[in-house]
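What follows is a short report on a single structure.
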Amino acid sequence: MHLVRFDQPLVWGELDVSLLGIVRDWDGSPVSPPAAYSLAVDPQRLWFIATRSQPAELHPKARPGRFQAELWKHDVAELFLHDPARGHYVEFNLAPNGAWWSCEFSSPRVRVHPEDQPWPGVETFAELAPDGGWVAAMAIPLESLKDQLHLGPDTTANVAFIINSPDQQFLTAAPLGGGEPDFHRPAAFTPLRVHEGSLPGAEPNS
């Protein structure tokens, strides 16, 4: 999982980051247009950027910048960060309009807290194009990730999308195995590979 590091703070509206495309769904069927994402880090925050040049089906209660459960029932981008030492991982959901959700798990699908507890300090941003295409971003404080998830060289991660709701297609950046779509397979997440300032030769994955 590629992570691009910047020395200066990133600013929404001025982001210049490489995007990686996901061109096939869970079953290997082509996805057109592809979904794309980027992971970037500046001195203060980890950025998760997601985009697709096609209209999205939003959760009816999704509001820009607001915390909203069950975004996965509609179109959404998802970031998973895993602490292999403890086995804990966090799921961040980002709707195309900037609504978001988060949850920490102690093992696959076992929540640390029974009630929703929004991850502290998260900010989200979004822009919808006239043709329905969208780009959204989530900025997560590094301090909280280091304190609560021990973010560091051993962290593993994955990015996933749910698109084309209600006839949902499931996309994953890391190969998670076969069977029914299931993003909660932290043992298959991949290590973060840090690149300074850019991601040379970024190509859609296949």
Log entry: pair-distance distribution for segment 52-128, C-alpha pairs binned every 10 Å from zero, whole % per bin is 19, 49, 26, 6
Taking the alpha-carbon centre of each part, the distance from segment 64-108 to segment 161-194 in Å is 13
For segment 1-64 (alpha-carbon point model, no solvent) the Debye-based log₁₀ I(q)/I(0) at q = 0.17, 0.28 Å⁻¹ works out to -0.76, -1.17
Bounding extents of segment 126-167 in its principal axis frame from Cα atoms, largest first in Å, are 40, 23, 15
Per the charge dipole of the chain (beta-carbon charges, Lys/Arg positive, Asp/Glu negative, Cα centre), the residue among Phe48, Ala126, Leu71 reaching farthest to the positive end is Leu71
Computed about the Cα centre, the charge dipole of the chain from +1 Lys/Arg and -1 Asp/Glu charges at the Cβ has a magnitude in debye, to the nearest 20, of 220
per DSSP, antiparallel bridges as share of beta bridges in the chain, % nearest 5, sits at 85
Label model pair Lys146, His113: point-to-point distance (7 angstrom along the Cα→beta-carbon line) in nm is 2.2
With x for Gly and Pro, the residue-by-residue ³J(HN,Hα) of segment 14-26, computed from phi through the Karplus equation 6.51 cos²θ - 1.76 cosθ + 1.60 at θ = phi - 60° and given in whole Hz, is 10, 5, 10, 10, 6, 10, 10, x, 10, 10, 9, 8, 3
With no solvent term and unit scatterers on the alpha-carbon positions of segment 9-137, Debye gives log₁₀ I(q)/I(0) at q = 0.09, 0.18 Å⁻¹ of -0.27, -1.09
Computed over all unlike Cα pairs, the Kirkwood hydrodynamic radius of segment 79-206 in Å stands at 16.1
Note to self, the chain gives a 222 nm [θ] from helices alone (DSSP H runs n ≥ 4, -39500 (n - 2.57) apiece, / all residues, nearest 500) of -1000 deg cm²/dmol
Binned at 5 Å from zero, the C-alpha pair distances of segment 127-197 give percents of 3, 11, 15, 20, 20, 15, 12, 4, 0
Expected vector for segment 75-89, Karplus 3J(HN,Hα) from phi with 6.51, -1.76, 1.60 and θ = phi - 60°, integer Hz, x for Gly and Pro, equals 5, 6, 10, 10, 10, 10, 10, 10, 9, x, 5, 9, x, 6, 8
Plugging the Cβ-Cβ distance of Ser18 and Glu127 into 1/(1 + (r/R0)^6) at R0 = 22 Å yields, to the nearest 0.05, a FRET efficiency of 0.75
Rounded to the nearest 0.05, FRET efficiency between Ser106 and Asp27 (Cβ-Cβ, R0 25 Å) equals 0.25
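No value in this document is a laboratory result; all are computed from the given coordinates. Everything quoted here is computed from the prediction, not taken from an experiment. So basically every Cβ, Gly included, is an ideal-geometry build from the backbone, and we count neighbours across all protein chains shown.
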